[in-house]
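The values are calculated or read from the model by the stated rules, or taken from the named source; none is laboratory data. This is a predicted model, so every value here is computed, not measured. Reconstructed Cβ throughout: ideal geometry from the backbone, glycine too, with neighbour counts over all protein chains shown. Side chains are part of the model used for accessible areas, which takes the heavy atoms of the whole protein and leaves out ligands, DNA and RNA. Shrake-Rupley method; radii C 1.70, N 1.55, O 1.52, S 1.80 Å.
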Amino acid sequence: MIAGNHFMQTSDFTVEELTEILTLGSEIKKHPDRYKDVARGKILATLFYEPSTRTKFSFESAMYRLGGNVIGFSDPSTTSGAKGETLQDTMRVISYYADIAAMRHPRPYAPMEAAEGSDIPVINAGDGGNQHPTQTMTDLLTILALRGRLTNLTIGLCGDLKYGRTVHSLFDTLSRFEGNRFVMIAPEELSFPKEHIDRAEGRSPVSFTTSLEDALGDRGENQLDFLYMTRIQRERFEDISVYERLKNVFILDEEKMAQAPADMYVMHPLPRVNEITEGVDKDPRARYFEQAHNGVFVRMALIAKLLGLA
Ligand code: CP
């Protein structure tokens with residue numbers, strides 16, 4: 001049962017429920033006109049306590065494209081949080097003003113805390129370095145559109161695997177679908193957290209490398225179907241000198257793409273800094289802008305499902 005729930009992490013939902021949301025997202029992408037009025041009279045509150053372009057605007061676009069309305073703030077310092085109001089109290093009050101809310105916060109688990117005070121569904125739009133479940137739904141819709149399946153895939157996760165919430169959510173989710181393998185491409189200091197791998201209980205084989213070139217050149221059982229690049233997350237480093245040392249560790253350019261499998265797609269949650277050169281954008285395997293576009297359809301599906309409208 002999806003309607004009426006919070007959407008905090010994909011592990012709160014069954015594979016069948018996640019597939020239901022994705023199926024609706026694909027349907028909306030094909031026939032957006034059929035859904036243009038389903039949320040008429042409903043209000044989405046966007047509570048973003050951390051910067052965002054894609055997630056915030058795609059949520060807002062999704063609600064408007066469903067015929068609903070949006071309220072929110074552009075600067076958290078203008079809210080009563082600045083006077084010391086708790087997130088639970090904030091959400092209790094927002095529940096009177098809106099029908100559904102999307103919250104991003106720099107602190108892990110903050111949206112879960114807020115949801116405790118809420119009478120309306122709250123969606124986690126990214127909590128610190130923890131999870132980004134709606135990005136994962138966007139990623140899954142993109143993978144499904146490109147490969148026609150979410151099973152038996154080899155996915156390379158590259159970059160800041162320690163702080164990157166998108167790769168945590170993506171691994172947690174895709175490891176629940178059958179036959180997927182992962183190649184973790186990261187320096188020691190930014191390696192993928194062991195607790196996520198432990199939680200997958202060996203369902204998905206995982207291998208580790210510090211070399212992007214080696215991962216791209218592999219033509220064995222770890223040949224990549226997808227390379228998921230991520231930004232080195234400057235804002236999460238306690239010691240900025242470590243960031244300075246690691247910030248250029250992986251740069252995907254046209255030369256490296258020439259060594260990659262001909263049918264390997266490149267994804268990235270964006271924003272990018274310098275980890276993918278602009279020259280790669282014109283490569284037909286580069287699909288990160290299409291991925292950002294899919295964020296609207298999947299968020300339309302999620303809002304409609306959580307509100308019990310479709
Ligand atoms: N992918 C993503 O979360 O982008 P924003 O930070 O711009 O929302």
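Find the residue count for the range 269-283, including only residues that are open to solvent by 50 Å² or more (accessible area, probe 1.4 Å) and touching a strand residue (DSSP E or B) at 6+ places or on another chain (Cβ under 8 Å). Residues meeting the conditions: 1. So, in the range 170-196, how many residues would count as being in contact with a strand residue (DSSP E or B) (Cβ under 9 Å, 6 or more places away or on another chain) and open to solvent by less than 40 Å² (accessible area, probe 1.4 Å)? So the count comes out to 12. Determine whether the range 159-169 contains at least one residue that is open to solvent by 30 Å² or more (accessible area, probe 1.4 Å) and within 16 Å of the ligand (Cβ to nearest atom). So far as the range 159-169 goes, yes, one or more of its residues are open to solvent by 30 Å² or more (accessible area, probe 1.4 Å) and within 16 Å of the ligand (Cβ to nearest atom). Pairs meeting the criteria (first residue in the range 278-305 and at positive phi, second residue open to solvent by less than 50 Å² (accessible area, probe 1.4 Å) and not in a loop (DSSP other than H, G, I, E, B), beta carbons under 7 Å, at least 6 apart or on different chains) are lacking. More than 13 Å from the ligand (Cβ to nearest atom) and without any contact (Cβ under 8 Å) to a residue 60 or more places away in the chain: does that describe Arg104? Judged against the criteria, Arg104 is not a match. Considering the range 198-240, and only residues there that are of a type in the set (A, V, I, L, M, F, W, C), touching a residue at least 12 places away in the same chain (Cβ under 8 Å) and outside any loop (DSSP other than H, G, I, E, B), the residue that is most open to solvent (accessible area, probe 1.4 Å) turns out to be Phe208. The residue that is surrounded by the most Cβ atoms within 10 Å (Cβ to Cβ), counting only those in the range 284-306 that are closer than 23 Å to Thr10 by Cα and away from the ligand (no atom under 16 Å from the Cβ), is Met300. Residues in the range 138-164 that are without any contact (Cβ under 8 Å) to a residue 24 or more places away in the chain and assigned to a strand (DSSP E or B): none. Criterion first (more than 16 Å from the ligand (Cβ to nearest atom) and not aromatic (Phe, Trp, Tyr)) does Met267 satisfy it? Spelling it out, it is not the case that Met267 is more than 16 Å from the ligand (Cβ to nearest atom) and not aromatic (Phe, Trp, Tyr). Would you be able to tell me the number of residues in the range 241-269 that are assigned to a loop (DSSP other than H, G, I, E, B) and in contact (Cβ under 8 Å) with a residue 40 or more places away in the chain? Selection size over the range 241-269: 7.
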